[in-house]
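Values quoted throughout were computed directly from the atomic coordinates according to the rules given, and no laboratory measurement underlies them. Quick caveat: nothing in here was measured; it's all calculated off a predicted structure. Heads up, the Cβs are rebuilt from the backbone with ideal geometry, glycines too, and the neighbour counts pull from every protein chain shown.
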Ligand SMILES: [Cu+2]
C-alpha cells in the first residue's frame, strides 16, 4: 500500500544519521546508510521494492529496517546505541537498543536470501549479536568469545549468512548479555518463505512483537540490570499498556501473530473471542497433525510462537498475558491484603493528622485506579487505560484486537471503540432479587474431625451496599 518514500515520511525516519565519532565518514560511505527511528508508533508494513517479493509483517509499536541490495546481497545496518524509549504516554525510559529504539527494528528477509548485516557499536562497552534460531556458519552465531571477538565500543563488524529456513526469529547481544538485555537490546527477525509452503499459509495480517521486562523504580529512568525475577514492568516491544497499540483487523481476515520471549519467565498469551492454532515455533512451521485449537499459549523463555486464527467476531477483544501480575505496571509487591479489613476508625484518626491520607485496598485494588494519588514524575500508573465503559484497570502486557467490518484491506489505523449493537452489552438488572438459598450443611461429614474447636471461627466480611460509603 505505501511506497518506501511514504514509509519514511510516516515513520518520521531521520535518514542518514551518520555521525559516529569513532567511524569515519569515508569508511561509512561503503556501508548502507543507517536509518534511525524517532517514533514508538506502529509503522505500516514495509513492502519490498527490491529483492524477492513477500507479504510483510507489522511490528507492534515498531518498524522494519530498510535494506540496500548490493550485487544480490541484502545489506542492513544496525547501530547499537543508548536510546530514549517512550514506554507509555508520560513515561520514558533510558534504554539501550538499535537505530533509535528498543527493541531494534524488525529484519525481514526471504528464504534463500544472502544477508549482510553491519553492526556499529555506539555503546560504552563491547557487544555482539546472536541471530537466535538461525541456521548459519558457526562463526556468524554471535557468541562473543566463542564464535567471534566482542565488537569493541566504536567499531563496526559484519555478519554474513544465507537465511536458510523460513520462520520466526529474534536477535540479541551475546556479550554482557544480562546487562544488555535488561537494558532493552533485542529485535525481531522474520524469514518469509520463497514460494508457496505447504505448512505456511498466506494471511491477511501478520503481526509480531517481543516480550520483554524491565525493573525501573517509579520516578526513575534507567532499568536496574541485576534483577532476576522481580521485574516491575512487563512489556510488549518495550511498551506497557496503555502504551501498547491495538491490533486492528478486518472482519474475516486471516491473522497471524508472532511472539518471541526474551524475558526471564514464561508468559501464557491469551486471546479473547477466538480460538487459534499454533502454526510455528522456534524450529519453524509445526506439522499440521500437531495443531489444535486453544485460546492461551505459553511462550517459555527464549521461545518463539506464531498463532493463527480467523478474525470472525466483530468487537474489541482483550489480548494479554494471563499472569495477572504481568498486566500491572510498577507497584510495590509488599502491600498486605486488606480486602475485608475494616479500618475506618484508624483511617479517621490518621486523616486528622494527614488530611490527604487514603486507605488502599480495602475493597480490592480497583479503587487505586480511581484515586487521584500523586505519583512521581515519569511513572506509568499501576493499572489504567480508559475504555468506553471506564477504566480497563490493566497495565503491562495487554492490548486489544479490534475486529471491524469496515476496516479497509491494508489499513492498520485504530478504528476507535467498537459500537455494540443494541442490547448486546451486559447491563444492570433492576428487577426483584430473592435471597440466595445457602447450603445449610457444615461441610463434608464423611470424615468428622476428632477435636472440634471450642469456639466456631467467625468471619466478618464487609459487603458492598447499594451506596458507596465514601
Ligand atoms: Cu506474562
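Rounded to the nearest 0.05, what FRET efficiency is calculated for residue 406 and residue 282 with R0 set to 41 Å and r the Cβ-Cβ distance?
On the way: r = 37 Å, r/R0 = 0.91.
After rounding, the FRET efficiency stands at 0.65.
A simple spin-label model places the labels of residue 456 and residue 70 8.3 nm from each other, with each point 7 Å out along Cα-to-Cβ. The coefficient of translational diffusion for the range 139-236, derived via Stokes-Einstein from the alpha carbon Kirkwood radius under 37 °C and 0.692 mPa s, stands at 199 µm²/s.
When 399, 102, 434 are ordered from fewest to most other Cβ atoms inside 10 Å of their Cβ, what list results? Show your work: numbers first, answer last.
Details: 399 24, 102 31, 434 5.
Sorted ascending by nearby Cβ count, the order is 434, 399, 102.
Protection proxy ranking for 200-207, 402-409, using the average of other Cβ atoms within 10 Å per residue and placing the highest first: 200-207, 402-409.
Here the scattering of the range 219-290 is modelled by Debye summation over its C-alpha atoms, one equal scatterer each and no solvent; at q = 0.25 Å⁻¹ the log10 of I(q)/I(0) is -1.44.
Using Cβ counts within 10 Å as a stand-in for footprinting exposure, how do 226, 382 rank, fewest first?
Numbers: 226 9, 382 20.
Listed from fewest to most nearby Cβ atoms, that is 226, 382.
Under 17 Å from a label point 7 Å along Cα→Cβ of residue 94: give me every residue in the range 207-251 with its amide N that close. Those under the cut-off are 215-226.
For an R0 of 30 angstrom, estimate the FRET efficiency from the Cβ-Cβ distance between residue 229 and residue 377 and round to the nearest 0.05. Provide the component values of the computation, followed by the final result.
Details: r = 27 Å, r/R0 = 0.91.
Step by step, r from the Cβ atoms, then E = 0.65.
For the range 29-176, dividing the convex hull volume of the Cα atoms by the residue count gives 113 Å³ per residue. With only Cα atoms counted, the range 184-241 has Rg and Dmax values of 16.9, 51 Å. Take each peptide in 384-391, 252-259, count the other Cβ atoms within 10 Å of every residue, and average; sorted highest first, the result is 252-259, 384-391.
Annotation for residue 413 and residue 254: the two label points, set 7 Å from Cα along the Cα-Cβ direction, are 2.8 nm apart.
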